[in-house]
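Working notes, structure below.
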There are 2 protein chains.
Amino acid sequence: MTGGNKNDKVNMKTLAKELNLSTATISKAMRDSYDISHETKLRVMEAARRLNYVPNAYASSLRKQSSNTIAIIIPEIADSFFSQAINGIESIIAPQKYHALIYLTHDSYEREASMFNDLASGRVDGVIMSVASSTQDTGHIKKLQETGTPIVFFDRVCEDVTADKIITDDYNSAYNAAVHLLLAGCKNISLVTISGYPSILSAREQGYRDALNNNGFTTDDTRVVTCSNKYMGENVNEIKAHLTTVKPDGIIATVEQLATATYLACDELKLQIPGDVKVVCFTNQITAAILNPPLTTVLQPAYDMGKQAAEILFSRLSGRLIESEQELVMPSQLVARASTAS
Amino acid sequence: MTGGNKNDKVNMKTLAKELNLSTATISKAMRDSYDISHETKLRVMEAARRLNYVPNAYASSLRKQSSNTIAIIIPEIADSFFSQAINGIESIIAPQKYHALIYLTHDSYEREASMFNDLASGRVDGVIMSVASSTQDTGHIKKLQETGTPIVFFDRVCEDVTADKIITDDYNSAYNAAVHLLLAGCKNISLVTISGYPSILSAREQGYRDALNNNGFTTDDTRVVTCSNKYMGENVNEIKAHLTTVKPDGIIATVEQLATATYLACDELKLQIPGDVKVVCFTNQITAAILNPPLTTVLQPAYDMGKQAAEILFSRLSGRLIESEQELVMPSQLVARASTAS
DNA sequence: ATGAAAGCGCTAACAG
DNA sequence: CTGTTAGCGCTTTCAT
């Protein structure tokens with residue numbers, strides 16, 4: 001360890017001394033202020049480079065009461081939808097020299113609430129989030145909002161929180177997915193979903209129910225499999241049990257993690273897709289096209305949703321956006337593949 | 001917006017006034033210091049809760065010269081290996097109340113270097129990283145190390161930087177993958193890889209070459225397809241061209257993103273896997289088992305690698321670990337599936 | 001165009 | 001056990 005971490009610590013004072021200027025002048029020069037002469041700026045820049053000077057982020061944040069940092073709060077990172085959304089967010093914030101703190105709730109309300117409590121520390125200027133599936137009470141979110149920290153939701157939004165929201169048309173997407181299965185000849189369609197409160201889950205379920213009901217089918221609750229956990233093995237078992245007892249000829253899976261579980265369940269029961277059961281899943285997995293069989297998906301514009309969320313958050317931060325909170329609905333796309341072929 | 005962001009800002013002074021104590025006492029009470037009476041601590045806690053007091057993170061960081069924040073610097077987030085590794089990192093840092101800033105290099109040296117320059121601002125206490133494939137010069141990394149910021153590499157390490165490193169045995173994994181293909185009857189094995197400098201790429205290539213050479217096969221450079229970009233379409237075309245001209249009967253793909261490209265290339269050329277070409281890929285994709293056909297993978301312990309990286313970083317940060325930097329080699333696992341069946 | 005000085009909110013000596 | 005004091009490094013009036 002070369003450990004030059006104590007003595008050669010170079011700050012504004014060092015620079016000021018080096019150039020016979022005040023720290024105020026250095027500060028202004030570094031930020032390219034209008035009332036510093038061009039020549040002085042050049043001298044400052046040169047010295048900064050030469051001495052490896054980088055302004056201390058926390059001193060600056062403390063003084064300015066703003067941090068150029070946002071929080072991304074999501075349930076899970078090993079998920080194509082969320083990781084693509086992060087790419088979208090990053091595409092906007094990185095050029096602006098903003099920083100992203102990432103927090104994973106693992107769908108736990110307790111963790112989410114604890115994270116929000118911490119964020120009141122002024123650590124971030126704003127938040128982009130997808131709420132945990134187990135979150136019902138939203139007091140923690142409203143409390144942070146009250147401190148003046150803007151929050152933008154994407155995908156898993158909270159209905160009872162007033163904030164900017166980026167979603168896809170979950171109701172229609174599910175409705176269309178169900179119609180797609182009906183047109184493929186299914187008479188007996190089940191929904192495989194996860195437990196939780198976010199409105200996107202109920203919207204997807206309602207879209208599924210309405211599509212069936214509007215087309216002469218009934219939808220009793222036995223046709224809805226609610227996977228209660230994230231352990232692949234248990235989900236597979238729940239789905240297998242359903243396939244064995246209810247014998248659906250079509251399945252709509254509402255979240256990405258259920259795609260693999262559904263395929264494995266069919267596999268283990270030697271059920272053919274799409275012969276015995278047709279499957280469509282809400283997922284952004286890039287491998288959907290090369291699955292056995294290729295999976296019909298409801299594809300969300302994850303990258304663009306992240307981009308939009310970041311852009312709206314920036315508008316709020318800059319004060320440019322003063323209108324009331326908006327809900328932006330972006331289009332999902334049903335990509336038909338062999339898993340739903342007639 | 002209830003906007004209580006100005007007037008009711010509650011800090012230590014507020015609390016001190018409220019309780020007729022000094023800010024020093026508040027500070028110590030909040031941190032559960034031994035020289036504060038139990039009773040006072042309770043009063044402080046109560047008041048803190050009542051007034052929604054949360055210590056300002058930046059004031060604390062500035063004063064303590066440490067931020068309880070680390071940086072995770074990776075090439076890409078929409079990648080199973082990296083997102084699983086992040087889960088591993090998070091499992092260690094979250095309970096310790098550490099925060100993670102995430103930076104994506106998109107494999108660009110310029111972005112990586114610029115990020116490292118910024119980190120000299122004291123924003124983070126340490127770094128966990130996987131280097132960009134285009135990074136050859138490592139000056140930016142060494143420069144940050146010289147400020148005393150510990151860096152732990154995982155997977156894509158820099159050979160010429162002295163630091164803690166968590167890797168898998170890339171040479172042997174590739175060697176074994178090649179042997180696996182030979183045993184499956186391949187006579188004509190190609191490597192599909194990406195351009196770049198990280199030693200894991202050359203190790204994987206060397207393992208492949210040695211396995212063939214040691215078993216009586218030659219490995220000329222025409223058998224190595226170097227995909228130069230990340231646009232799926234172009235990669236598919238490069239692989240198709242190779243399949244058409246060289247006609248390999250076995251393929252080893254060195255990184256996750258090449259799995260889908262390879263499958264699509266075979267698909268478009270109507271080549272059967274494993275009949276015409278057998279395929280094995282370094283990937284952690286959960287869908288490997290349900291691909292058409294199920295894909296033989298070299299599975300890295302991504303979650304545990306992230307965990308280890310975080311644990312070692314914490315040892316460094318706490319000063320517990322004083323020995324010289326270590327390289328921890330963790331085992332990969334060859335998971336044989338139908339894509340390499342004889 | 002530059003500088004002096006105050007202070008962001010917290011912590012760590014040190015005194016009492 | 002509690003308080004006083006001096007900063008951490010920066011930004012921002014306000015003078016000059």
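The values are calculated or read from the model by the stated rules, or taken from the named source; none is laboratory data. Computed from a prediction, not measured in an experiment: that's the story for all the values here. Positions of Cβ are backbone-derived with ideal geometry, glycine not excepted, and every protein chain shown enters the neighbour counts.
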Return yes when A:Ile77 is more than 14 Å from DNA strand D (Cβ to nearest atom), facing chain B (nearest Cβ under 9 Å) and assigned to a loop (DSSP other than H, G, I, E, B) and no when it is not. yes
The residue from A:Ile92, A:Ile128, A:Ile102 that alone is part of a helix (DSSP H, G or I) and among the β-branched types (Val, Ile, Thr) is A:Ile92
In the set A:Ala174, A:Ala163, which member is small (Gly, Ala, Ser) and over 30 Å from A:Glu323 (Cα atoms)? A:Ala174
I'd like to know if region B:81-89 contains one or more residues that are modelled with pLDDT of 95 or more, among the hydroxyl-bearing types (Ser, Thr, Tyr), within 16 Å of DNA strand C (Cβ to nearest atom) and assigned by TED's automatic domain parsing to the domain that holds B:Asp137. no
Single condition B:Ala310 does not satisfy, out of (1) closer than 27 Å to A:Val236 by Cα; (2) touching a residue at least 60 places away in the same chain (Cβ under 8 Å); (3) of a type outside the set (Ser, Thr, Tyr); (4) buried (at least 24 other Cβ atoms within 10 Å of the Cβ): (1)
Mind listing whichever residues of region A:220-257 are farther than 20 Å from A:Asp276 by Cβ and touching a Phe, Trp or Tyr at 6+ places or on another chain (Cβ under 7 Å)? A:Thr254, A:Val255, A:Glu256
Identify the single condition in (1) within 16 Å of DNA strand D (Cβ to nearest atom); (2) within 13 Å of the chain's Cα centre (by Cα) that A:Ser60 does not satisfy, given that it satisfies every other one. (2)
Against the definition (in contact (Cβ under 8 Å) with a residue 40 or more places away in the chain and surrounded by fewer than 18 Cβ atoms within 10 Å (Cβ to Cβ)), how does B:Gly185 come out, yes or no? yes
What pairs come out if I take residues in region A:27-50 that are over 20 Å from A:Lys9 (Cβ atoms) and assigned to a loop (DSSP other than H, G, I, E, B) and pair them with residues that are within 11 Å of DNA strand D (Cβ to nearest atom) and aliphatic (A, V, I, L, M) whose C-beta lies under 8 Å away, six or more apart or interchain? A:Ile36/A:Ala29
Suppose the filter is of a type in the set (A, V, I, L, M) and within 16 Å of DNA strand D (Cβ to nearest atom); does B:Ala29 pass it? yes
Out of B:Ala163, B:Ala85, B:Ala94, B:Ala120, sole residue that is surrounded by 22 or more Cβ atoms within 10 Å (Cβ to Cβ) and either within 12 Å of chain A (Cβ to nearest Cβ) or in contact (Cβ under 8 Å) with a residue 40 or more places away in the chain (or both): B:Ala85
How many residues are within 11 Å of DNA strand C (Cβ to nearest atom) and not β-branched (Val, Ile, Thr) if we restrict to region B:11-20? 5
Given the options A:Glu311, A:Glu325, name the one that is among the charged types (D, E, K, R), in the same structural domain as A:Gln96 (by TED's automatic domain parsing) and not in a helix (DSSP H, G or I). A:Glu325
Selected residue (criterion: farthest from DNA strand D (Cβ to nearest atom)) from residues of region A:11-26 that are outside any loop (DSSP other than H, G, I, E, B) and out of contact with any helix residue (DSSP H, G or I) (no Cβ under 8 Å at 6 or more places or on another chain): A:Lys17
Residue ID - nearest to A:Ala120 (Cα to Cα), chosen from residues in region B:44-62 that are more than 14 Å from chain A (Cβ to nearest Cβ) and buried (at least 17 other Cβ atoms within 10 Å of the Cβ): B:Ala47
I'd like to check something: does region B:88-104 contain any residue that is of a type in the set (Asp, Glu) and more than 25 Å from B:Gly196 (Cα to Cα)? yes
Considering region B:227-245 alone, what residues qualify as being in contact with a strand residue (DSSP E or B) (Cβ under 9 Å, 6 or more places away or on another chain), away from chain A (no Cβ under 14 Å) and surrounded by 15 or more Cβ atoms within 10 Å (Cβ to Cβ)? B:Cys227, B:Glu238, B:His242, B:Leu243
Checked region B:51-69 for anything assigned to a loop (DSSP other than H, G, I, E, B) and farther than 21 Å from A:Lys143 by Cα; matches are B:Gln65, B:Ser66, B:Ser67, B:Asn68
Conditions (1) more than 23 Å from B:Asn172 (Cβ to Cβ); (2) more than 14 Å from chain A (Cβ to nearest Cβ) -> B:Ile252 fails only (1)
If you check B:Ser199 against the conditions, is it more than 9 Å from chain A (Cβ to nearest Cβ) and not β-branched (Val, Ile, Thr)? yes
